[in-house]
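Just below is one structure, and these are the notes that go with it.
The values are calculated or read from the model by the stated rules, or taken from the named source; none is laboratory data. Please read all numbers here as calculations on a predicted model, not as lab measurements. Quick reminder, even Gly has a Cβ in these numbers, built from the backbone with ideal geometry, and neighbours come from all protein chains shown. All accessible areas refer to the heavy atoms of the entire protein, side chains included, with ligands and DNA or RNA removed. Shrake-Rupley method; radii C 1.70, N 1.55, O 1.52, S 1.80 Å.
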Amino acid sequence: MYRPRWILLITILAAVAVPLAAAAQTELVVWHSYRGSERTAFEKVVEMWNEKMKSQGVVAKTLAVPHDAYPDKISAAVPRGKGPDVFIYAQDRLGGWVEAGSTIEPIGFYLDEEIEKRFLPETLQAMTYQDEVYGLPVNFKVVTLIYNKALVKTPPKTSGELVALAKKHTDQAAGRFGLAYWYSDFYYHSALMNGFGGGVFDASRKPTLNQPANVKSMELLLKWFGEDKILPAEPTTALITNLFNEGRAAMVLSGPWFLGEVKADVDMGLALLPTLDEANGAPMRPWMTVEGVYIAEPSQHKDEAFQLLTFLTDVEAATVMAITGRQTPANVHVYENPKVADDPILGAFRKQAENAVAMPNIAEMTMMWSPATTAMNIIVKKAATPQAALDDAQEKVAERIKDLRQ
C-alpha cells in the first residue's frame, strides 16, 4: 500500500523519539552498605525519591556493597569515574579521600542556613574538613549502656556505682560478669579516653596517643579488669553477645548494631554511660560515627545528586529511617515526632549523642588504628605499662604520618 513520504517521515521520527526519550532520563547510581531493616528503610526512601522525581526524568538506583570491601572499592573506583554518583559512608575516611582528590565533591556552595539547621551540630561538624562541608549527615551511631532489666533494676549513674553493681553480678568461676564490652578495641575504649579529656590528635593534627589523660583512662580500664575483676578475659563480639543473651552479663557497652543480636526474650534497657568519679565527675564520652551521604567528584549529575542528598536527610526520609530502619537520624526535627521521641531505644541514643565526640575525620586517622589496637592488646595482657605501650604507639603513628606526608 502506497504511503505518502510525509507519513513515512513521521513514522520514522516517532520510532526514533521513543529511545531518545528513554535516553534522556538522568540516572543516579547510589552505593551503600546497609543490611537488614536498614537496607529495607533506605531502599524505601529511594523509592519515595524516585516517585517524586519521575516527572523530571530523574531516577536513583541503589547498590549494596559488602561493608568489608566498601572503603577500598570507593578509593579504587570513584577517582577513575567507575563508581557511583552518590555514596554513603562514615566520616573517619573523609579526610583521606579529600586529600587523595577526585573522590568527594565539596558541597558548601549548595548549603543554606535552613539545611544546616536541620542537623545535630556535632553531625554536621563530622562532615566538615578544613572548613569545607563535603557531605550531609544521614545517621549517627554511639555506644551507650545496655542492661538486662531482670538483673539491673536501676542503671548506674557513676563509675563507682557501675563497679559496685558489676561486682554483685560477677562470678568468674561460673562465667558471670557484671560488665562486658570489647575493651581491647580502641573504638570502644574511646568513651573512657574522651571522658578523661584525652584524644588521639591535637588541633594541629599531631598525634597525642601517649598524653597523660589517655594513660589515666588505660589505668582505670586495668583496674576494672585486673583489680575489680568485673570484665571477661579476651572479649569478642560473639562472647559478649552470648553472655548477654544467656543472662551471664548484666551490662554491656555497645551501640545500635548490638541490639539486633539480642534475643527477643531478653528484657533490655538503655541508659546514659556513667560519669567518671576518677575524672571529677566528667561523663564518659564515646566516639560518634556519622554516616554521611556524599557526591562523587566525577559525577556528571551533581545538581540532581545534591537534590537527592537533601531528600535523604530531610525529616520525611529520616522518619522512615528511624521507624523502619531503627536508625538514629542526624536530622534534629525527626525527634519531634512522638513515634520517634517516645521510643526508648532511639531516645536513649539521642540523649547519649549529647555526651559524645565526633570521631576525627582527618587523613591521619587511618594511620592511628593499627598502632592503637596493638597498644590496647599489649596493655590488657599486661605485657607493658599503659605509658610504655602508648609511647610506642605514639612513635609508630608519628612515623606513619611522616611517610604519608612525604
Select from the stretch 182-208 the residues that are aliphatic (A, V, I, L, M) and modelled with pLDDT of 95 or more and list them in ascending order. Ala191, Leu192, Met193, Val200
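Can you confirm whether Ala60 is over 16 Å from Tyr294 (Cβ atoms), aliphatic (A, V, I, L, M) and under 24 Å from the mean Cα position of the chain (by Cα)?
Numbers: over 16 Å from Tyr294 (Cβ atoms): no; aliphatic (A, V, I, L, M): yes; under 24 Å from the mean Cα position of the chain (by Cα): yes.
No.
Which residues, counting only those in the stretch 106-123, are among the basic types (Lys, Arg) and over 19 Å from the mean Cα position of the chain (by Cα)? Talk me through it step by step, then tell me what you get.
Filtering the stretch 106-123 for residues among the basic types (Lys, Arg) gives 117-118.
Result: Lys117, single match.
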Give the residues of the stretch 351-370 that are over 26 Å from Met268 (Cβ atoms), assigned to a loop (DSSP other than H, G, I, E, B) and either open to solvent by less than 10 Å² (accessible area, probe 1.4 Å) or without any contact (Cβ under 8 Å) to a residue 12 or more places away in the chain (or both), sorted by residue number. Glu364
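Of the residues that sit in the stretch 210-239 and are of a type in the set (A, V, I, L, M, F, W, C) and within 15 Å of Ala174 (Cα to Cα), which one is surrounded by the fewest Cβ atoms within 10 Å (Cβ to Cβ)? Before the answer, list the steps.
Looking only at the stretch 210-239, we keep the residues that are of a type in the set (A, V, I, L, M, F, W, C), and these are 213, 215, 218, 220-222, 224-225, 230-231, 233, 238-239.
Then keep just the ones that are within 15 Å of Ala174 (Cα to Cα); that gives 230-231, 233, 239.
On the way: Ile230: 24, Leu231: 22, Ala233: 12, Leu239: 16.
Top of the filtered list is Ala233.
What residue, of Thr373, Thr328, is open to solvent by less than 20 Å² (accessible area, probe 1.4 Å), under 23 Å from Asp92 (Cβ atoms) and out of contact with any Ser or Thr (no Cβ under 7 Å at 6 or more places or on another chain)?
Details: Thr373 fails: open to solvent by less than 20 Å² (accessible area, probe 1.4 Å).
Just one listed residue meets the conditions, Thr328.
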In the stretch 147-161, which residue that is open to solvent by less than 40 Å² (accessible area, probe 1.4 Å) and of a type in the set (Val, Ile, Thr) is farthest from Leu273 (Cα to Cα)? Val152
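Out of curiosity, is Leu179 modelled with pLDDT of 95 or more, surrounded by 23 or more Cβ atoms within 10 Å (Cβ to Cβ) and within 17 Å of Gly281 (Cα to Cα)? Talk me through it step by step, then tell me what you get.
Numbers: modelled with pLDDT of 95 or more: yes; surrounded by 23 or more Cβ atoms within 10 Å (Cβ to Cβ): yes; within 17 Å of Gly281 (Cα to Cα): no.
Spelling it out, it is not the case that Leu179 is modelled with pLDDT of 95 or more, surrounded by 23 or more Cβ atoms within 10 Å (Cβ to Cβ) and within 17 Å of Gly281 (Cα to Cα).
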